[in-house]
Every structure is written in structure tokens, then in C-alpha cells.
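In what follows, a single structure is set out as C-alpha cells and then discussed.
Values quoted throughout were computed directly from the atomic coordinates according to the rules given, and no laboratory measurement underlies them. Source: prediction; values computed, not measured. Here the Cβ positions follow ideal geometry from the backbone for every residue, glycine too, while neighbour counts run over all protein chains shown.
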């Protein structure tokens, strides 16, 4: 199997031309037959000649369609070269290159970067890097940090407050991590730019089912508690849907778009005996 930019052959092909009548660059650009012969010598079957490109004063590249199974849109590139004071044309290299619309393998992604959202399965372990910019070190409560001379302070109350402040965890969300999450949520399916939000009558920040988050994200995001909407999801305060708590339903029974219709009723239609049968 040929590989991208793999050199198939290098060598010299002696071809005597008219150096006085044509410049060296023009002579190399016109040497289509020599370039095609180089491919034939390699056992290839080049297709149509597409173009010739000058590569400086002493080289030219010729491009041919590569009629190879599985290489749609690829091209053979044959580079010919000359030298000052000589009419010889030298074959520099023969390379298989992708062209417009070529079928290519996806870009290589390092193993550490291949995990994407939704890949984590039950039982999987995904460790954050020690220098993950989304996290910062935090104070750890070892039980000795909080000492009080007064017996009126309950240590359990202090522990509850410490938990609300984030104490006790080894690492906390950094400002960069918080900004990344906020931007991702804002641009996602539950942000103001989504199709659902664009068609909503009111934003989430005015909905009774909206519970704002705590901390620095409180002003911009919250959780939806409507089981018929984005239940349990973090939504932007500017997001919205048709299940807003202030939406008024249609009056009466039936569909809001159509009148009630009894599909079980029978309509009696009198047909004359002289009536012509319907044609189908």
C-alpha cells in the first residue's frame, strides 16, 4: 500500500533537449512525457495530466490522476530537475499525494486526548492530571484546624459550614475551569442560542421550576426541576422552553390548534340511484 508522500523512486533519466531554443524552466514544464514514463517504469498506470508547477529555476512537478482503487482524488506527483549547463532532465522523486476531495484518514489524536464527552461508562476511571488547569489545590480539614476555647461552638456546625465553603476537598474548581464550564453550557443545547430557547416565550430565570446554582455561577445558571422539560439539567438563565411556569394553556378541552372532532361518529349521506359511480 502506498503511503502519503512516500518516495517511490529517485534516479536520473537522461533526456537531451534543445537548451538554446527553450529556457530550462519551460523545458522542465513541457516534459510531460518524461514524467509519465517515470510512472510507467514504476509499474503504475497514471491517468490524465492535471498540471505542471515550477519548483524554482531548476525543478518542475507534474501531477497525474492516480487510478488506484481506494485512492479517490489522489494524484501522482513526479518531480523533474535540471542543472546549469546541461540539457539532461533528472527524475528526483515520484510521490503519491492527496488532492481535492481525497479520501483521507481522520487526523491522529494522542491517546490522552481521545476521551470525549459521553465516553465514560460504569466502572471506568478517568483521573484528572496533577496540573489540570481546571483545578486548584484546596485546604484539607484534618480535624485539627478548628480549635475553639469556648465550649459553646459545636464542631459539627463548623464542619457543615466548612463543607459549604468547599473545605475538606483536595482540589477545587479554578477560575479557568469555571469559565470553561460556563462557556460550554452557554453554547450548548441548554443555552440561549439553542433552537428551543429561540422559540421559548420566557427565559428560565423567570420560571418557577428554575433553581439557581450556588457560588459564582448563580447569576448565569441553574437547574431545571420540571420533569416534562430539561429536568435535572444545568440550564442557562437565558434559556427557555415551552414548559415555563407562566405559560397559559388553551381554554377548554381538545387540541389548542384544532377544534374537537369526533372520529367515532357516522355521517349519513344520501346517494341518488341515478348517480354515476365514482371513478378511481
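Using 15 Å as the cut-off for backbone N distance, which residues of region 201-224 belong to the label zone defined by a point 7 Å from the Cα of residue 189 along Cα→Cβ? 224, by backbone N distance to the label point. Note on residue 243 and residue 117: with the Förster distance fixed at 25 Å, the Cβ-Cβ geometry gives a FRET efficiency of about 0.50.
The mean sequence distance of close C-alpha pairs (under 8 Å, at least 6 residues apart), as a share of the length of region 175-236, puts its relative contact order at 28 percent.
With a cut-off of 18 Å on the backbone N, the residues of region 184-215 near the modelled label site 7 Å out from residue 169 along Cα-Cβ are 184-185, 212-215.
Residues 135, 68, ranked from the fewest to the most other C-beta atoms within 10 Å, line up as 68, 135. With the simple model of a label 7 Å out from the Cα in the direction of the Cβ, residue 67 to residue 251 spans 7.7 nm.
Of the residues 34, 271, the one with the fewest other Cβ atoms within 10 Å heads the list, and the complete ranking is 271, 34.
Working ranking of peptides 169-180, 52-63 by packing, defined as the average number of other Cβ atoms within 10 Å per residue, highest first, is 52-63, 169-180. Full extension of the chain between residue 214 and residue 37 yields a length gain of 56.4 nm, computed as 0.36 nm times the residue separation minus the alpha carbon distance.
In terms of its C-alpha gyration tensor, region 40-140 has a prolate overall shape, because the principal axis ratio a/c (a ≥ b ≥ c, square roots of the eigenvalues) is not below 1.5 and a/b outweighs b/c.
Mean separation of Cα pairs under 8 Å and 6 or more residues apart, divided by the residue count, gives region 24-98 a relative contact order of 27 percent. Report note on the peptides 123-129, 238-244, 262-268: ranked by the mean count of other C-beta atoms within 10 Å, highest first, their order is 238-244, 123-129, 262-268.
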